[in-house]
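Trainee: If you scroll down you'll find the structure; I have some questions about it.
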Amino acid sequence: MYDQSIGTAQGRYQSCMLDREVFLERARDSSELTLPTLIPPKSASNVTRYPTPYQGIGARGVNNLASKLLLALVPPNSPFFRMKIDDFVIKELEGDQNLKTDIEASLSQIEKAIMTDIELNADRVAIFEALKHLIVAGNVLLYVSENGLRVFSLDRFTCKRDPMGNVKEIVTKESLSYNTLPEDIKKLIGDRLSADEKNCDLYTHIYKEKNKFVIYQEIKGLEVPKSRGSFPLDASPYIPLRWNRIDNEDYGRGFVEEYFGDLKSLEGLTKAIVEGSAAASKVLFMVSPSGTTRARKLAESPNGAIIEGSSNDVSVLQLNKFADFRIAYDTMARIEQRLQLAFLLNASVQRDAERVTAEEIRYMAQELEDTLGGVYSILSQEFQLPFITRKMRMMEKAGKLPQLPKNTIKPSIITGLEALGRGNDKNKLISFLTTLAGTLGPEVIQQYVNVSDAIKRLATSEGIDPEGLIKTQEEIQQQMQQQQLLQATQNINPDQIQQVVDGVAQSQGENQ
C-alpha cells in the first residue's frame, strides 16, 4: 500500500530520479550513436544542436527492428488477439452447436470493432515510436486514453516496482505553457508563479492501493481539482514497458546497450576513415624550388596547355597510408556485419557467395526471428494484453462494445511468441508430410492422413481462420454426389432419358 506521508508528487519524482539516473545516462549514450533526437541530452532545449553520428548502421538497425516488432505485435490486416470463452462454458455449449457458432461470430465482431478503433486513433504510429524507445532506452511509458496513445520517454517519468516486477508507483512530469492553462488552474497557483516563469511543471502521480491504482495531478505543489480518481489493476491507462526484465530493478536495459561496444567502435573507426579519406583526397602539387618549372605558370595554365618545364620538378603529395586504412576498414566491416545480424537487417541474411538459394535465406531469416522470442514473451504480457484490456474497458464505457461477462470472456494474444510457436509447428508439419510422401509415396498420404485436418492445421499455423474457407465434410460429399450424378447423366442415351421422362409423366397422370 502507498504511504501518503512520503510527500508531494514533485517530491516523489525528484526522489525517484536518483534511481533512474544510471539508466537514463546509458540511454542518452545509446541514443547518441543511433537516433540522437530520441533521448535528448541533459541540457537540451528548443535550439539544441544534436550530434550527427558518422555511421548510419545504428539508426537503420533501430528503425528496422522496430518495424519488424510492430508488424509482429500489431499486424495491420488481422487482429493480434482472440476473444476466448472459458473452458467450462465451452463444454456446456458443446451440445448446442448453433449457439456456439453464434457466440463465436459475435466475438469476431468485437475483435473487428476493437481493431477499427485502433486504426481510427492511429495507435500504431505511437506504438512504433514506443518500440524505438524500448530498443534504445529500454524503457517507455504509454498512456492509453480515449483520444489515442501518448508516449512518455524515460526522461519524463519515474517508476517503482515490487520484487516480482509489478508496478507500485509511477510519476510523470510535463512542462506546460502558462498561457495554455485553464482559468481555474491559473487562479489555483496564483502568486506561486514568478514573473519570469513562462512554463509550469505538471506532475501526475499513480500509485497502487490495495486492489486498485489511485491517480491525481499536481502543479506548483497544489493538487489539481477533480484530478483524483482510481482504476482497476488490470485496466490502468498508464502502461510502463521495458525491453527486458531484471530482478530487483525498476527499469529495464535497452537492446542497443547490449551492442554498445560495437557501435562505439564502429563510430570511432568510421570517423577515422572518413577524416583520413578527406585528407587523402586533398590534391597538392609540389614544385622543386631549384627546377626550371615555375609554380605560378603551372597554376595559371589551363587544361591541355603547353608550358616550358620538366616533369621531374613536379610531384604530388601522397599519404601512403593505404595499409593502415585497410586494417581499419576490415575491422569496421566485421563490426558492421555483427551489427547487421543483431538488428535483423536483410544484408546480414545473405552470405557472400555466387549462389545463395531462397530456402537458405528463409532459414537464416527464421533463425534470426526466433532470437526475439524472449522479447515477444515480455511484450505480450506487459504491452499487448494490458493495452487490449484497457481498450475494451474504454469502449464498453463509451457504449461501443457490449458489457461482457467478467471471468468468462477474455482476450488471448495470438501474435509475437505465439506466432513463432505456430510457425515452428507449420515447419514440422510440412517436413513430416514431405518425408512421408517421399518415403512411402503420395498414395500413403491419401490412405492414412486426414487431409482436411492437415489443411486446417496449416491454416492455423499461418494465423488464418479456416472457418468458411475450407469445405466441410458435408459439402465435400454433396459435391461428389453432384459430380457422380452428372457423370451418370452424361452416360445415359437420349432415348433412355425420354423414356424416363415419359414414365414419370405417366405415373403422375395415373396418380391424379
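The values are calculated or read from the model by the stated rules, or taken from the named source; none is laboratory data. It should be emphasised that the depicted structure is a prediction, and the values quoted were computed from it without experimental measurement. With ideal geometry, Cβ positions are generated from the backbone for all residues, glycine too; neighbour counts draw on all protein chains shown.
Trainee: So, A333, is that one surrounded by fewer than 14 Cβ atoms within 10 Å (Cβ to Cβ), modelled with pLDDT of 85 or more and within 20 Å of N64 (Cα to Cα) or not?
Mentor: Here the answer is yes, as A333 does meet what is asked.
Trainee: While we're on this one: Just one of T48, T34 is among the hydroxyl-bearing types (S, T, Y) and without any contact (Cβ under 8 Å) to a residue 24 or more places away in the chain; which is it?
Mentor: Result: T48 is the single residue among T48, T34 that is among the hydroxyl-bearing types (S, T, Y) and without any contact (Cβ under 8 Å) to a residue 24 or more places away in the chain.
Trainee: Whether any residue in region 341-358 is at pLDDT 75 or above, in contact with a Pro (Cβ under 6 Å, 6 or more places away or on another chain), under 26 Å from V151 (Cα atoms) and surrounded by 16 or more Cβ atoms within 10 Å (Cβ to Cβ) is what I want to check.
Mentor: Scanning region 341-358 turns up no residue that is at pLDDT 75 or above, in contact with a Pro (Cβ under 6 Å, 6 or more places away or on another chain), under 26 Å from V151 (Cα atoms) and surrounded by 16 or more Cβ atoms within 10 Å (Cβ to Cβ).
Trainee: I would also like to ask the following. Kindly list, by first and then second residue, each pair from a residue in region 147-164 that is in contact (Cβ under 8 Å) with a residue 60 or more places away in the chain to a residue that is of a type in the set (S, T, Y), limited to pairs with Cβ atoms under 7 Å and residues at least 6 apart or on different chains.
Mentor: F157/T172; T158/Y13; C159/Y251
Trainee: Determine which member of the set K212, K208, K226, K187 is under 19 Å from T158 (Cβ atoms) and in the same structural domain as T158 (by TED's automatic domain parsing).
Mentor: K208
Trainee: Filter region 398-409 down to the residues that are at pLDDT below 80 and basic (K, R) and list them by number.
Mentor: The one that is at pLDDT below 80 and basic (K, R): K406.
Trainee: Moving on. For residues in region 175-200 being in a strand (DSSP E or B) and out of contact with any helix residue (DSSP H, G or I) (no Cβ under 7 Å at 6 or more places or on another chain), which is nearest to R20 (Cα to Cα)?
Mentor: Among those that are in a strand (DSSP E or B) and out of contact with any helix residue (DSSP H, G or I) (no Cβ under 7 Å at 6 or more places or on another chain), it is S175.
Trainee: Looking at region 221-254 only, could you name the residues that are over 28 Å from P182 (Cα atoms) and β-branched (V, I, T)?
Mentor: Hit for region 221-254 is I246, nothing else.
Trainee: So, of the residues in region 7-39 that are in a loop (DSSP other than H, G, I, E, B) and touching a helix residue (DSSP H, G or I) at 6+ places or on another chain (Cβ under 7 Å), which turns out to be nearest to Y251 (Cα to Cα)?
Mentor: Among residues in region 7-39 that are in a loop (DSSP other than H, G, I, E, B) and touching a helix residue (DSSP H, G or I) at 6+ places or on another chain (Cβ under 7 Å), the one nearest to Y251 (Cα to Cα) is I39.
Trainee: Looking only at region 237-289, which residues are among the aliphatic types (A, V, I, L, M) and within 24 Å of D324 (Cα to Cα)?
Mentor: Residues satisfying the conditions are L263, L266, L269, A272, I273, V274, A278, A279, A280, V283, L284.
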